[in-house]
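One structure is given here, and the rest of the page talks about it.
The values are calculated or read from the model by the stated rules, or taken from the named source; none is laboratory data. Values in this document were obtained by computation on a predicted structure and should not be read as measured data. No Cβ is skipped: glycine too gets one built from the backbone with ideal geometry, and neighbour counts run over all protein chains shown.
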Amino acid sequence: MMRLMTRFLALFALVLVAACGKAPEPAPAQGGPALWQVQRGAFKGWLFGTIHVLPKGVAWDTPAIKEAMAGSDRLVLEAADLQDEQKTLGLFEKMGRSPGLPPLERRVPEEEKAPLLKAMSDGGTSSQLLSGYESWAAAMLLSAASQQDLGVSQSDGVEPVLIATFKKAKKPIGGLETVERQFGAFDTLPEAAQSRLLVQTIHEAKGMKALYDRILKAWLKGDMEAIAKEDQIGEQPDPMVEEAVLVQRNRDWVKAIEPMTGKPFIAVGAGHLTGRENLIDLLEAKGFTVTRVQ
């Protein structure tokens, strides 16, 4: 989809993006990133929409978020092992490389070859460096290279703060899936879909700073409607990629959440909380009560 590769504003970090879908409820007046309380039976937790990469000094942990963290009994991230950089890099190299691949410019339509070469040059990389990677992995690396001037990093993102807070409180930290599952969503795509993803990454590179600035502003206000509208601009989602990378993972996450009890603080990319078969709608369909609290 048009905004899909904006999930990778830092290497291997899934960043905020929204799929087309029904508009969520407007943000409460007090602002701050969106936070929900989720309840069903012995489960009374929280659901927090994150941005995985941020500029330095962004104040996002409002009193409501701090209160929810203090009242929870554990942290649940998309993938707890994503913070293990050595493991993540190892998996990416293992899953993202294959022998005997054609040059990257031969994997896109003729009219996209020149834009691809320009995007690589602008990002400080080359076909020689990227052609050893499968098309999905090359798209991630190209996206990351093209966004180096945004002044954001994963170390300044939400997850490191959450992890440090819960470690200090001696509360357990878990994940809804593994890094291998995250990469696997891309790795199992057929080459035609990977090629389309690569082309969409080329197209996104041009307006990346303006897009990120709009998303960050909306996220800080908790304006989920504005986030949802971002993906209605430009190209329509690629159904196969959207299904694998967003929808199916949301379905898997619901299966992971269903047996939980207690008071987990669940933090996932805000793009999973809006659009077709988003996590909130899927939880409500399973009998959870989801209430916006910020």
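Set side by side, the residues 207, 174 differ, and just one is out of contact with any Pro (no Cβ under 6 Å at 6 or more places or on another chain), closer than 26 Å to residue 280 by Cβ, among the small types (Gly, Ala, Ser) and surrounded by fewer than 16 Cβ atoms within 10 Å (Cβ to Cβ), which is 174.
Quick check on my filter: what residues within segment 170-189 are part of a loop (DSSP other than H, G, I, E, B) and either in contact with a strand residue (DSSP E or B) (Cβ under 9 Å, 6 or more places away or on another chain) or free of Cβ contacts under 8 Å to residues at least 24 places away in the same chain (or both)? Selection gives 170, 171, 172, 176.
Results for (1) in contact (Cβ under 8 Å) with a residue 60 or more places away in the chain; (2) at positive phi; (3) not hydrophobic (A, V, I, L, M, F, W, C), shown as yes or no for each residue.
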position: 51; (1), (2), (3): yes, no, no
position: 56; (1), (2), (3): yes, no, yes
position: 82; (1), (2), (3): yes, no, no
position: 86; (1), (2), (3): no, no, yes
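Reported count of residues in segment 183-228, each being hydrophobic (A, V, I, L, M, F, W, C) and farther than 25 Å from residue 79 by Cα, is 8.
Determine if segment 190-201 includes at least one residue that is over 15 Å from the mean Cα position of the chain (by Cα), under 30 Å from residue 68 (Cα atoms) and in a helix (DSSP H, G or I). No, segment 190-201 contains no residue that is over 15 Å from the mean Cα position of the chain (by Cα), under 30 Å from residue 68 (Cα atoms) and in a helix (DSSP H, G or I).
Answer yes or no: is there a residue in segment 37-54 that is at pLDDT below 50 and crowded, with 24+ Cβ neighbours inside 10 Å. Scanning segment 37-54, I find no residue that is at pLDDT below 50 and crowded, with 24+ Cβ neighbours inside 10 Å, so the answer is no. If you go through segment 157-168 and pick out every residue that is out of contact with any strand residue (DSSP E or B) (no Cβ under 9 Å at 6 or more places or on another chain) and of a type in the set (A, V, I, L, M), you end up with 2. When you look at residue 91, is it closer than 19 Å to residue 203 by Cα and either among the small types (Gly, Ala, Ser) or buried (at least 19 other Cβ atoms within 10 Å of the Cβ) (or both), yes or no? For residue 91, the condition - closer than 19 Å to residue 203 by Cα and either among the small types (Gly, Ala, Ser) or buried (at least 19 other Cβ atoms within 10 Å of the Cβ) (or both) - is not met. The single condition among (1) among the β-branched types (Val, Ile, Thr); (2) surrounded by fewer than 20 Cβ atoms within 10 Å (Cβ to Cβ); (3) within 25 Å of residue 67 (Cβ to Cβ) that residue 227 does not meet is (2).
Residue-wise test of (1) charged (D, E, K, R); (2) in a loop (DSSP other than H, G, I, E, B).
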| site | (1), (2) |
| --- | --- |
| 266 | no, no |
| 276 | yes, yes |
| 282 | no, no |
| 290 | no, no |
| 294 | no, yes |
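Out of the residues in segment 115-151 meeting the condition of being surrounded by 22 or more Cβ atoms within 10 Å (Cβ to Cβ) and hydroxyl-bearing (Ser, Thr, Tyr), tell me which one is nearest to residue 184 (Cα to Cα). For segment 115-151, the residue satisfying everything is 135. Highlighted here are the helices (runs of 4 or more DSSP H) found entirely within segment 54-126 that include at least 1 residues which are over 19 Å from residue 270 (Cα atoms) and within 18 Å of the chain's Cα centre (by Cα): 85-96. You will find that of 165, 178, the residue that is at pLDDT 95 or above and β-branched (Val, Ile, Thr) is 165 and no other.
In segment 55-81, what count of residues is obtained for those that are among the β-branched types (Val, Ile, Thr) and buried (at least 21 other Cβ atoms within 10 Å of the Cβ)?
Qualifying residue count, segment 55-81: 2.
With the requirement that a residue be of a type in the set (Ser, Thr, Tyr) and at pLDDT 90 or above, what does segment 181-206 give you? Steps first, please.
Residues of segment 181-206 that are of a type in the set (Ser, Thr, Tyr), as a first pass: 188, 195, 201.
Selection gives 188, 195.
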